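The values are calculated or read from the model by the stated rules, or taken from the named source; none is laboratory data. Keep in mind it's a predicted model, so treat the numbers as computed, not measured. Cβ placement follows ideal geometry from the backbone for every residue including glycine, while neighbour counts extend to all protein chains displayed. When the accessible area is computed, the model is the full protein with side chains, heavy atoms only, and any ligands, DNA or RNA have been set aside. Shrake-Rupley method; radii C 1.70, N 1.55, O 1.52, S 1.80 Å.
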Amino acid sequence: MIKFSNVTKKYGDKVAVDGLSFNVEEGEFFVLVGPSGCGKTTTLKMINRLIPLTSGYIYFKDKPLSDYNINKMRFDIGYVLQQIALFPHMTVRDNIAQVPMMLGWDKKRINDRVESLLEMVGLEGKQYMNRYPDELSGGQKQRIGVCRALAADPPVILMDEPFSALDPISRESLQQDLLDLQAKIKKTIIFVTHDMDEAMKLADRICILKNGAIEQIGTPDELVNQPASEFVRQFIGTKHSIHTAKDIMVPVELKEDINNYGSKSNEYMVVNINEPLDHLLKHLTNNEKIFVVNDEEQLVGYVTTSSMIEFLAQNGLNGGGKS
Ligand code: ADP
Ligand code: MG
């Protein structure tokens, strides 16, 4: 649906986006995540042609973006901003109906649409339609922002940190509502956030950016179980369970101090029980056996190539799919 081919954006000498290539499938919930300044907003704005590319191509339905009429194309792409950006002097109805009004829909069609959108995001249509933004909570305003992006039923929705200004409770509830909504409407959504937990919760696939370049693309499970780099691992954090030596080792009963284990401990590699799976995979190529110790340096088990293979087989190989 949307394809990036070697897209670079420079502001003067500063490279903001560095040779991005990826594909977003129709109906996919694709999340761009990364620390502040890594190029997320720039990437999103290039899709909407708010910012021109320095080089490369972005394709929308197999045609370069530049082949489309820019004004018409913006009607095909809804945009939800980070800041709550409603017109304060307009009613909720008029805020939501911006694009339908530009498209010349008649009043009845607009009112019906606004009402059904409000209901979709859990707000009673007739009651909220005629309110002003001042009369709404932060969470409700951002729901109106989502309605506005959906108003003319565009196939693609871009969302730039839409929930980051909200308190944790409103944020959680809007995340859940967005998931429920997406299950019904099946749009192609490109969602930007710096919050990995939010990305994990929402995404079909996540693209992790660092300094304007892709660090890794994958499903939440793939990122957790096969992080491509230390950066990815750290960004995911320890909250998300990743498979470690503890899950893979053959346990041993005797908990003796590894330092008393005799000369063999020099021949074999020793790792902590929390050593992640992919590290073990690497080490196993050079070691037939890896000893596993707890934080007290007591021997608690060992990992061999065959225990690893058995573990991978039971967990759907490649370590994917948490059981
Ligand atoms: P993010 O959304 O991930 O925080 P941005 O896409 O906003 O990152 O910015 C990426 C980089 O480009 C940053 O280093 C930022 O300072 C720089 N940048 C963004 N917009 C401009 C601009 N208009 N002029 C110059 N530099 C910019
Ligand atoms: Mg940004």
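Observations on the model:
- Flag if Val92 is under 21 Å from Ile206 (Cβ atoms) and β-branched (Val, Ile, Thr): no
- Conditions (1) touching a strand residue (DSSP E or B) at 6+ places or on another chain (Cβ under 7 Å); (2) buried (at least 16 other Cβ atoms within 10 Å of the Cβ); (3) at pLDDT 85 or above; number of the one not met by Pro251: (2)
- Residue match in segment 76-86 (condition: assigned by TED's automatic domain parsing to the domain that holds Leu179, on the phi > 0 side of the Ramachandran plot, surrounded by fewer than 16 Cβ atoms within 10 Å (Cβ to Cβ) and more than 16 Å from ligand 1 (Cβ to nearest atom)): no
- Enumerated strands (runs of 3 or more DSSP E) restricted to segment 1-70, each holding at least 2 residues that are near ligand 1 (Cβ under 10 Å from one of its atoms) and touching a strand residue (DSSP E or B) at 6+ places or on another chain (Cβ under 8 Å): 2-11, 14-24, 29-33
- Count of residues meeting criterion [touching a residue at least 12 places away in the same chain (Cβ under 8 Å), in contact with a helix residue (DSSP H, G or I) (Cβ under 9 Å, 6 or more places away or on another chain) and not in a loop (DSSP other than H, G, I, E, B)] in segment 161-206: 25
- The residues of segment 17-47 that are open to solvent by 10 Å² or more (accessible area, probe 1.4 Å), within 16 Å of ligand 2 (Cβ to nearest atom) and polar (S, T, N, Q), listed by number, are Ser36, Thr41, Thr42.
- Total residues in segment 1-16 satisfying the condition of being of a type in the set (Lys, Arg) and more than 16 Å from ligand 2 (Cβ to nearest atom): the figure is 2.
- Condition check for Glu230: open to solvent by 10 Å² or more (accessible area, probe 1.4 Å) and more than 16 Å from ligand 1 (Cβ to nearest atom): yes
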